[in-house]
Amino acid sequence: MTKLGDLVVRKSYGGDVTFRVESIQHNEAMIKGTEFRLLADAPLHDLVKVDPASPTEKAQRARIKATESLQRLHRDRQEQTERNQAALSQLLYAHNEPSYFEVPGKVLHLDGDEQYLKKSLALYEKLRVPASGYYVTEAQMGTALYRLLPSVRPDIVVITGHDGVLKNRPSGDLYNLSSYKNSRHFVEAIQAARQYERNFDALTIVAGACQSHFEALLQAGANFASSPARVLIHALDPVYIAAKISFTSIRDTINMAEILNNTISGTQGVGGIETRGSYRIGLPKMKDLSALKVVPSM
């Protein structure tokens, strides 16, 4: 008997993706992907309960890739610290402490899924990326950005949640926005952000979810978007991209091949345009960063 909170797979899809049962009504269940940003409904007779200790092959590959991506980010940070120290080697170091301070790019993350948002914020914290996150339904993201952008003043905006190609779409055309669940809302949110800041390097936008209309999101003004091949994207792919941008120097452009190939979903899941990083160093090192207060301009 399937019940709320169970981990399940769908027989009709070969049991490739693991879901958690979110709600049950009559003989239908609303299910949410544990690894991938996928929200779906399914008849109860199509669901098979699985052991949490025995993930599907696809889930296992995603977890391995996610671990590798996280390790790569940590290595990148270590190499960056070594480069900074080498570049500033002529300056004195007190007590083996570097004589500079870091200003990584600040992230504003809007997510249409509260649970994925919590996972994303936990990873930002682990990676030491300054981030503010808000749970906002996809339809309200454009309106929310008009209010949040002037107050948060981020360097990077992440706009994500749930999306998908509609089964009963009015047209078979995958280039029609009406064929998607939430791509139109993502486009509106991107346009709102671009009204606030038109410079693609002053405000980097990462947008989209599973199967989103990749071309429309880029045309609206996103730097990075999903999904070129209309595939499922991993829940944490937007976080990986935002973290990479946050700790790439403003003197450098993002290594496109590296950042896309090292996402969990790969180039079929995420694409983008050449973009400059948002990380800066400052001199000399401040003794008490807590005393630093930035007053927003009026």
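The values are calculated or read from the model by the stated rules, or taken from the named source; none is laboratory data. For clarity, every value in this text was computed on a predicted model and none was experimentally measured. Here the Cβ is made from the backbone with ideal geometry for all residues, glycine too, and neighbour counts use every protein chain on show. Heavy atoms of the whole protein, side chains included, go into the accessibility calculation; ligands, DNA and RNA do not. Shrake-Rupley method; radii C 1.70, N 1.55, O 1.52, S 1.80 Å.
Could you size up the charge dipole of the stretch 159-262 around its Cα centre, putting +1 on the beta carbon of Lys and Arg and -1 on that of Asp and Glu, and report it in debye to the nearest 20? Using only the charged Cβ atoms, the result is roughly 260 debye. Quick one: net charge of A42's neighbours, Cβ under 14 Å, K/R +1, D/E -1? Counting the neighbours of A42, the net charge comes to 0. Checking the cross-link pairs K126/K244; K106/K181; K3/K58; K58/K126; K58/K167 against a 18 Å limit on the alpha carbon distance flags K106/K181; K3/K58; K58/K126; K58/K167 as lying beyond it. Quick check: from the Cα gyration tensor, does the stretch 101-219 come out rounded (a/c under 1.5), prolate or oblate? Because a/c hits 1.5 or more and a/b exceeds b/c, the stretch 101-219 counts as prolate.
Expressed as a whole percent, the accessible surface of the stretch 173-215 that belongs to carbon and sulfur atoms is 44, based on a 1.4 Å probe.
Computed from label points 7 Å out along Cα-Cβ, the spacing between H74 and K11 is 4.2 nm. Under a 1.4 Å probe, what is the accessible area of the chain per residue, stated in Å²? Using a 1.4 Å probe on heavy atoms only, each residue of the chain averages 51 Å². Using the Cβ-Cβ distance between T267 and E28 with R0 set to 25 Å, the FRET efficiency from 1/(1 + (r/R0)^6) comes to roughly 0.10. Sequence-distant contacts, meaning Cα pairs under 8 Å at least 6 residues apart, place the relative contact order of the chain at 16 percent.
Annotation: amide H-H contacts under 5 Å for G15 (H modelled 1.01 Å from N, sequence separation of 5 or more, or interchain): R10. Computed over neighbours whose Cβ is under 11 Å from that of Q140, the net charge equals -1, Lys and Arg +1, Asp and Glu -1. Mind running the shape call on the stretch 167-247? Use the C-alpha gyration tensor, a ≥ b ≥ c as the square roots of the eigenvalues: rounded below 1.5 for a/c, prolate if a/b tops b/c, oblate otherwise. Note, shape of the stretch 167-247 comes out oblate. With a cap of 16 neighbouring Cβ atoms within 10 Å, and only residues DSSP puts in a loop, list the chymotrypsin sites (Phe, Trp or Tyr not before Pro) found in the stretch 132-183. Those satisfying the criteria are Y175. DSSP bridge analysis restricted to the chain gives an antiparallel fraction near 60%, rounded to the nearest 5.
Placing R0 at 45 angstrom, the Cβ-Cβ distance between R153 and D51 gives a FRET efficiency of 0.45 after rounding to 0.05. Per-residue Karplus couplings for the stretch 16-28, computed as 6.51 cos²θ - 1.76 cosθ + 1.60 with θ equal to phi - 60°, are listed in order as 7, 10, 8, 10, 10, 6, 8, 7, 9, 9, 6, 10, 10 Hz, Gly and Pro entered as x.
Determine the shape class of the stretch 1-87: with a ≥ b ≥ c the square roots of the Cα gyration tensor eigenvalues, call it rounded for a/c under 1.5, and otherwise prolate if a/b is greater than b/c, oblate otherwise. Write out the running numbers ahead of the final one.
Details: a/c = 4.22, a/b = 3.17, b/c = 1.33.
Judged from the Cα gyration tensor, the stretch 1-87 comes out prolate (a/c at least 1.5, a/b above b/c).
If R₀ is 41 angstrom, what is the calculated FRET efficiency for the pair R280 and T143, using the beta carbon separation as r and rounding to 0.05?
With R0 = 41 Å, the Cβ-Cβ based efficiency is 0.85.
Selection among A209, S183, Y124 by position relative to the dipole of the stretch 111-219 gives Y124 as farthest towards the positive end (Cβ unit charges, Cα centre). If only the Cβ of Lys and Arg carry +1 and only the Cβ of Asp and Glu carry -1, the dipole of the stretch 96-225 around its Cα centre is close to 240 debye.
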